[in-house]
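Visitor: My questions all concern the structure below.
Just so it is clear, none of the values below were taken in a lab; they were calculated from the coordinates. These numbers were taken from a predicted model, which means no experiment stands behind them. When we count neighbours, we look across all protein chains shown, and the Cβ atoms used for this are built from the backbone with ideal geometry, even at glycine.
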Amino acid sequence: MNFDVLKEAFWPMVKGGIEYTIPLTLLSFIIGMVIALVIALFRLSSSKIFRGIGRFYVSLIRGTPLLVQLFVIFYGLPTIGLKFDPFPAAIIAFSLNIGGYGAEIVRGAIQSVPKGQWEAGYTIGMSYTQVLFRIIIPQAARVSVPPLSNTFISLIKDTSLASLVLVSELFRKAQEIAATSYEFLLVYMEAGLLYWIVCVFLSALQGRLEKRLDRYIAK
């Protein structure tokens, strides 16, 4: 086993993770959650038009592979004059994808809040928006923590696809090192180990957050 290659590959991959993988994940998740909330509210709207837009968006995102979405934005859109650099293109693709999957999580969480909470808010004179953001969403957030945390962890791994549009994130660095050292198995296993360590750390944080939000109460 060539340990020298492993040592040489370690810091470039860590650097790629810090400079690209983590920022890409955070930015995509934040933007994606804004999209998810909007689409979830569309899905819950009394307007047939808004509900139709919401259903179409979710169906489109969930019915097409993330890789195809990424390629359409980076390689396809330039043919009609819309050209993005690799990093922004990856953010757009991942954000739209998270928005589609997150919308259903948010919608389910909002619907899990008892209708009496809405009625109570209206009774004390609150508007729809006030009830939504002051009463409903804070309660829905507690319900949505586990599935959204899992989505975030999955996004960490999905960012490896950004290497296919030339983003120099962790896995792209692994590809470059493997191509020059010819130690494909070792380098890719090391990359997998780094992803695994990050996901284990995030899973531990998820558990602590769930306990803090009293998701699991001793009976």
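Visitor: Quick one: plug the Kirkwood hydrodynamic radius of the range 1-102 (C-alpha pairs) into Stokes-Einstein at 25 °C, 0.890 mPa s, and report D in µm²/s.
Guide: Working: Rh = 15.5 Å.
Stokes-Einstein gives a translational diffusion coefficient of 158 µm²/s.
Visitor: Can you tally the lysine pairs in the chain where the Cα-Cα distance is under 18 Å and the two residues are eight or more apart, or on different chains? Don't skip to the answer; put the middle values down first.
Guide: Working: 7/15; 7/173; 15/157; 15/173; 157/173; 211/219.
For the chain, qualifying lysine pairs total 6.
Visitor: Now, a different point. Relative to the first principal axis of the alpha-carbon coordinates of the chain, what is the inclination of helix 48-62, with its axis defined by its Cα atoms, in degrees from 0 to 90 and to the nearest 10?
Guide: Compared with the principal axis, the helix lies near 20 degrees.
Visitor: Among residues other than residue 59 whose Cβ falls under 13 Å from its Cβ, what is the net charge (Lys/Arg +1, Asp/Glu -1)?
Guide: Its environment carries a net charge of +3.
Visitor: Using the C-alpha atoms of the chain, what convex hull volume per residue, in cubic angstrom, is computed? Walk me through the numbers before you get to the answer.
Guide: Numbers: hull volume 33.8 nm³, N = 219.
About 155 Å³ per residue, rounded to a whole number.
Visitor: Can you give me the relative contact order of the chain as a percent, contacts being Cα pairs under 8 Å and 6 or more apart?
Guide: It rounds to 29 percent for the chain.
Visitor: Next question, about the same structure. Relative to the first principal axis of the alpha-carbon coordinates of the chain, what is the inclination of helix 3-16, with its axis defined by its Cα atoms, in degrees from 0 to 90 and to the nearest 10?
Guide: For 3-16 against the chain, the angle is about 40 degrees.
Visitor: When the helices in the chain are scored as -39500 (n - 2.57) per DSSP H run of 4 or longer and the sum is shared across all residues, what 222 nm value do you end up with, to the nearest 500 deg cm²/dmol?
Guide: Here the helix-only value at 222 nm equals -24500 deg cm²/dmol.
Visitor: Measure nothing fancy, just the Cα-based angle from helix 137-158's long axis to the longest principal axis of the chain, in degrees from 0 to 90, nearest 10.
Guide: Helix 137-158 and the main axis of the chain meet at about 20 degrees.
Visitor: I want to check the label-to-label distance for residue 82 and residue 41. Put each point 7 Å from Cα in the C-beta direction and report it in nm to one decimal.
Guide: 2.3 nm
Visitor: So if each residue of separation counts as 0.36 nm, and I subtract the Cα-Cα distance between residue 75 and residue 56, what length gain in nm does that give?
Guide: 4.5 nm
Visitor: Calculate I(q)/I(0) for the range 54-171 by the Debye formula, one identical point scatterer on each C-alpha and no solvent, and give its log10 at q = 0.19 Å⁻¹ to two decimals.
Guide: So the normalised log intensities work out to -0.98.
Visitor: Considering only the other residues whose Cβ falls under 14 Å of the Cβ of residue 32, what net charge follows from Lys and Arg at +1 and Asp and Glu at -1?
Guide: So the surrounding residues net to -1.
Visitor: Got a sec to turn the phi values of the range 72-82 into Karplus ³J(HN,Hα) couplings, 6.51 cos²θ - 1.76 cosθ + 1.60 with θ = phi - 60°, whole Hz, x for Gly and Pro?
Guide: Coupling constants for the range 72-82: 4, 6, 8, 9, x, 4, x, 5, 10, x, 9 Hz.
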